[in-house]
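The values are calculated or read from the model by the stated rules, or taken from the named source; none is laboratory data. Small disclaimer: the values here were computed from a predicted structure and weren't measured. Because the Cβ atoms are built from the backbone with ideal geometry, glycine has one as well, and the counts that use them run over all protein chains shown. With ligands, DNA and RNA removed, areas are computed over all heavy atoms of the protein, side chains included. Shrake-Rupley method; radii C 1.70, N 1.55, O 1.52, S 1.80 Å.
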Amino acid sequence: MQNKLLQQLAVADPATGLANRRHWLEAAGDELERCRQVGRPACLMMIDIDHFKRINDSQGHTAGDQVIEEFAARLRHCLRAADIAGRYGGDEFAVLLPQADAGDALAVAQRALAAVRERTFGHGLHCTISVGIAAADPGLADTGAWVRKADAALYRAKAAGRDRVEIAD
């Protein structure tokens, strides 16, 4: 039982139960390699909770933590069985979508946008998210390049007004 607990602690973010950054990056690297070898599609999404700092500053870190926990639970319900969600850092999340093209990833992202918009989080807070999507490409140097591509799309979504999805070129 202790070994199982240690294993869970090694791969999961304690606040959300999602994959931790290290474990998620390993899974993304493995998937990128499969995409190169087999030629199957995959996408990844980078997600930010919009104006999260404002929540922490106005409601306190306890409320912010509750929003993160509730968002993670809501995100899990929007994913397909094979998808792997992780907490990338702070209020940024990453989702690996094996065997998904950009259209599949967009459908998942739209479900997540709607699920967050519809939800009132703890303390009566309403939140939105911004999402960047990048498809795996055999020309990507490594997982870091794939993440940077999705992150650039995420920043375009934020610059375009937030509460939206952008797909990397």
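Among the residues of segment 152-159, at least one is open to solvent by 70 Å² or more (accessible area, probe 1.4 Å) and under 24 Å from GLU26 (Cα atoms).
Quick one: would you say ALA94 is open to solvent by 30 Å² or more (accessible area, probe 1.4 Å), hydrophobic (A, V, I, L, M, F, W, C), closer than 23 Å to THR16 by Cα and at pLDDT 95 or above? Spelling it out, it is not the case that ALA94 is open to solvent by 30 Å² or more (accessible area, probe 1.4 Å), hydrophobic (A, V, I, L, M, F, W, C), closer than 23 Å to THR16 by Cα and at pLDDT 95 or above.
For ALA12, are the conditions met, namely being touching a strand residue (DSSP E or B) at 6+ places or on another chain (Cβ under 8 Å), without any contact (Cβ under 8 Å) to a residue 12 or more places away in the chain and surrounded by 15 or more Cβ atoms within 10 Å (Cβ to Cβ)?
yes
Please specify each residue of segment 99-135 satisfying the condition of being of a type in the set (Gly, Ala, Ser) and open to solvent by less than 30 Å² (accessible area, probe 1.4 Å). Outline the logic, then answer.
Of segment 99-135, the ones of a type in the set (Gly, Ala, Ser) are 100, 102-103, 105, 107, 109, 112, 114-115, 122, 124, 130, 132, 134-135.
Once the filter is applied, which keeps residues that are of a type in the set (Gly, Ala, Ser) and open to solvent by less than 30 Å² (accessible area, probe 1.4 Å), segment 99-135 yields ALA100, ALA105, ALA109, ALA112, ALA115, GLY122, SER130, GLY132, ALA134.
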